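This report refers to the structure that appears directly beneath it.
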Amino acid sequence: MVYRSLDSVTVKDVEALGISSELAQEIHKKVTEIVHDYGSATPETWNLISKNVLTPNLPFSLHQALYYGCYKDFGPDPPAWIPDPESALFTNIGRLLERHGKQFLGSKYGDPVSSFSHLQEFSVSNPEVYWKTVLDEMCIDFSVPPNCILQSPSEESLTLNPGGKWLPGAFVNPAKNCLNVNSKRSLDDIVIRWRDEGDDDLPVKSMALKELQTEVWLVAHALNALGLNRGSAIAIDMPMNVYSVIIYLAIVLAGYVVVSIADSFAPLEISTRLKISKAKAIFTQDLIIRGEKSLPLYSRVVEAQAPMAIVLPAKSSSFNIKLRDGDISWPEFLERVKKLKGDVFRAVEQPIEAFTNILFSSGTTGEPKAIPWTNESPFKAAADAWCHMDIRKGDIVAWPTNLGWMMGPWLVYASLLNGASMALYNGSPLSSGFSKFVQDAKVTMLGVIPSIVRTWKSTDCIAGYDWSSIRCFSSTGEASNVDEYLWLMGRACYKPVIEYCGGTEIGGGFVSGSLLQPQSLAAFSTSVMGCRLFILGDDGHPIPEDAPGMGELALGPLMFGSSSTLLNASHYDVYFKEMPSWNGLGKANLCYLDPELSVKHKSRILRRHGDVFERTSRGYYRAHGRADDTMNIGGIKVSSVEIERICNAVDSSVLETAAIGVPPADGGPEHLVIAVVFKDPDNSTSDLNKLRISFNSAVQRNLNPLFKVSHVVALPSLPRTATNKVMRRVLRQQLAQVDHNSKL
């Protein structure tokens, strides 16, 4: 659609969008006054219009007309939100800079907004100072303090762990830190708010820190009573509700290791993760209740031949299923230690490198990578939230997710370690019930993925609910869409969307937004604190850090919270083998290291990530999908090999398939497209829609019910390299140029 510049918009133009004549005149008058004072095409103009003219109840078409009209000739990356200098002073980073800005940055410090990028550079070049400051800000309590912040790798260990050792010598327990009383909270502070789907007209339930302590201690005592060896892996395959959070914290508090399994997984995927992690027990539910539907969960765990299961009822009033021999009901599990209720459980303090959580991220071999989170990882997650989403005491944080994905543990630590409260809705986030919960719980930071926002927009299930308590949104998991996120901002009176991208193996993000920088829709404004980004050019080496360009993303190796080992693969081979070195880390950036090591290690090997990223002319970053054969479907990374293995067996006429994630032309998450080669070339005219339905059914049954095959394309052959590897990148480029509506 062609939009008119703001100085040419008339009252009739506004009326044509379905607005009454009287209101249209009022809107036109306000817009005209703003344009007169600030011009027709400036960020200040849009900032004032979004705050003083547009409201959630006005037609979205008006929001679009004014946004696109304002930025009609602006060029790329127009800011949809700009920070207010006064409000910036009260953010976590703003307060830190007001106290330490001159000390950290010297003459470069001016004010929090203008100095944010300098602080990001400081966090990379001075990790000893930055990370000690942030850990103190979060009141992290070590039973044994670290010897230093970062111990750089020796020359001999570079091929084992180029990322160095963080917080060496420290002993700590992250769950204990989540339960501590400190300057951020008292025993009476609410730390969890929740509501069950179907109870949408009842008051929001809440739990204070004192009650959470008591419940976590009791479960920890019960875990000890099982007689498992300290350090044993214990799985959780449950919806993310108040019980799963209590169980998660108890496992970590007692010195065991959580194995994260998404509650949507099929039995084969559950079994694979249990075997890789060598889990000794699993917490699960009898059912998952969503609206009128009851979905089996315990039966899937049984089919996966899981070890001993502790089974919770989906509803506390009913528990009618028969358990396997050796499995335990939740009431029986707690009954064994009921006399200990209220007794403090002494946290098991462990070395910083001890595992706390095993999560899984799909690789390109068909078997998911098993990524251990150590005691360090929770602090990375919480620090990202502290800095980039500005989560702090009194905040209420909601993010529809699951403990099977990294954003589940992220939410636990990001809220509790920062003195905030987490808000959990035990039901579908796609319903009006969730929208009402956000209103009633007074959520201040709402995390989303684009597919959820797309559904909200198409169903208008948010209409009528007051989201004015929200201070910011955050989005991760998929590529965002500009129009959908403009709509989302408008539902909360134009609060910013902080785009956030990282990985399970990082413990958080590597690129993000900030409340101290202008935010452009579907774009990232900064590397996260403590992280340096590199875009590799066609020659495989980094392009200049301040130059626009597109290519595979690589990360600086010295990154707090990032993984240093995998359970079922060579960590070095996956993340560092055959990666280029960067010679730009000179003495100025290595001043925190031993001087002799600084001289030896001016050249540092970069860490592979695998996404294709673009740095724009205005310094923003945009994501363009995976560079390797892993795709992102609905916010879940999955390898092409996993999907192809299933599709190849669906129909005897199929010779081979290639699974490709294709980004839609108008932006947003990737569509799953299956390219198929038939054994008989004449079959290329067969019913591809029927085959699509068969592929779809098989993928959902055997891999993940959330995945959807969008299209099937018949090809005479698949493009291959000289070594016979399928060139999925070539297919992705070809299919992205096809008009899906007419030809796929």
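The values are calculated or read from the model by the stated rules, or taken from the named source; none is laboratory data. All values reported here derive from a predicted model rather than from experimental measurement. Virtual Cβ from ideal backbone geometry, glycine too; neighbours counted across all protein chains shown.
Pairs, please: C-beta under 6 Å, at least 6 apart or cross-chain, first residue touching a residue at least 60 places away in the same chain (Cβ under 8 Å) and in segment 433-451, second assigned to a strand (DSSP E or B) and of a type in the set (D, E, K, R)?
Final answer for the pair search is Phe437/Arg195; Ala441/Arg193.
Take the residues of segment 497-544 that are hydroxyl-bearing (Ser, Thr, Tyr) and in a strand (DSSP E or B): which is farthest from Leu96 (Cα to Cα)? Spell out how you get there, then give the answer.
To start, the set of residues in segment 497-544 that are hydroxyl-bearing (Ser, Thr, Tyr) comprises 500, 504, 512, 514, 520, 525-527.
Remaining after also requiring in a strand (DSSP E or B): 500, 512, 520, 526-527.
Values: Tyr500: 22, Ser512: 19, Ser520: 25, Thr526: 18, Ser527: 18 Å.
Here the answer is Ser520.
Restricting to segment 467-496, name every residue that is out of contact with any strand residue (DSSP E or B) (no Cβ under 9 Å at 6 or more places or on another chain) and assigned to a loop (DSSP other than H, G, I, E, B). Show your work before the answer.
Residues of segment 467-496 out of contact with any strand residue (DSSP E or B) (no Cβ under 9 Å at 6 or more places or on another chain): 468, 481, 483-484, 487, 490-491, 493.
If the condition is that a residue be out of contact with any strand residue (DSSP E or B) (no Cβ under 9 Å at 6 or more places or on another chain) and assigned to a loop (DSSP other than H, G, I, E, B), then Ser468, Asn481, Cys493 are the ones that fit.
Which of the residues spanning segment 163-193 are among the charged types (D, E, K, R) and either farther than 15 Å from Phe345 by Cα or surrounded by 22 or more Cβ atoms within 10 Å (Cβ to Cβ) (or both)? Lay out the reasoning, then the answer.
At the first step, the residues of segment 163-193 found to be among the charged types (D, E, K, R) are 165, 176, 184-185, 188-189, 193.
Those that are among the charged types (D, E, K, R) and either farther than 15 Å from Phe345 by Cα or surrounded by 22 or more Cβ atoms within 10 Å (Cβ to Cβ) (or both): Lys165, Lys184, Arg185, Asp188, Asp189, Arg193.
Out of the residues in segment 245-285 that are modelled with pLDDT of 95 or more, closer than 23 Å to Phe434 by Cβ and of a type outside the set (A, V, I, L, M), which is surrounded by the most Cβ atoms within 10 Å (Cβ to Cβ)?
Tyr248
Name the residue, out of Ser361, Ser318, that is on the phi < 0 side of the Ramachandran plot, modelled with pLDDT under 95 and in a loop (DSSP other than H, G, I, E, B).
Answer to the selection: Ser318.
Restricting the search to segment 92-113, which residues are surrounded by 15 or more Cβ atoms within 10 Å (Cβ to Cβ) and basic (Lys, Arg)?
At the first step, the residues of segment 92-113 found to be surrounded by 15 or more Cβ atoms within 10 Å (Cβ to Cβ) are 92-98, 100-101, 104-105, 108-109, 111-113.
Listed by number, the residues that qualify are Arg95, Lys108.
When the residues of segment 296-307 are filtered to those that are over 13 Å from Ala235 (Cα atoms) and out of contact with any Ser or Thr (no Cβ under 9 Å at 6 or more places or on another chain), which remaining residue is surrounded by the most Cβ atoms within 10 Å (Cβ to Cβ)?
For segment 296-307, the residue satisfying everything is Val302.
Which numbered condition trips up Leu17, out of (1) touching a Pro at 6+ places or on another chain (Cβ under 8 Å); (2) assigned to a helix (DSSP H, G or I)?
Result: Leu17 fails condition (2) only.
Would you confirm, using the coordinates I've provided, whether Leu58 is part of a loop (DSSP other than H, G, I, E, B), in contact with a Ser or Thr (Cβ under 6 Å, 6 or more places away or on another chain) and farther than 20 Å from Ser520 by Cβ?
Working: part of a loop (DSSP other than H, G, I, E, B): yes; in contact with a Ser or Thr (Cβ under 6 Å, 6 or more places away or on another chain): no; farther than 20 Å from Ser520 by Cβ: yes.
No, not satisfied.
(1) surrounded by fewer than 17 Cβ atoms within 10 Å (Cβ to Cβ); (2) under 27 Å from the mean Cα position of the chain (by Cα); (3) under 29 Å from Leu135 (Cα atoms): which one isn't true of Lys210, the others all being true?
(2)
Do any strands (runs of 3 or more DSSP E) lying entirely in segment 212-292 carry at least 1 residues that are under 16 Å from Pro174 (Cα atoms) and of a type outside the set (Asp, Glu), and which ones are they? First the steps, then the outcome.
On the way: elements: 233-237, 257-260, 281-285, 287-290.
In segment 212-292, 257-260 are the strands (runs of 3 or more DSSP E) which contain 1 or more residues that are under 16 Å from Pro174 (Cα atoms) and of a type outside the set (Asp, Glu).
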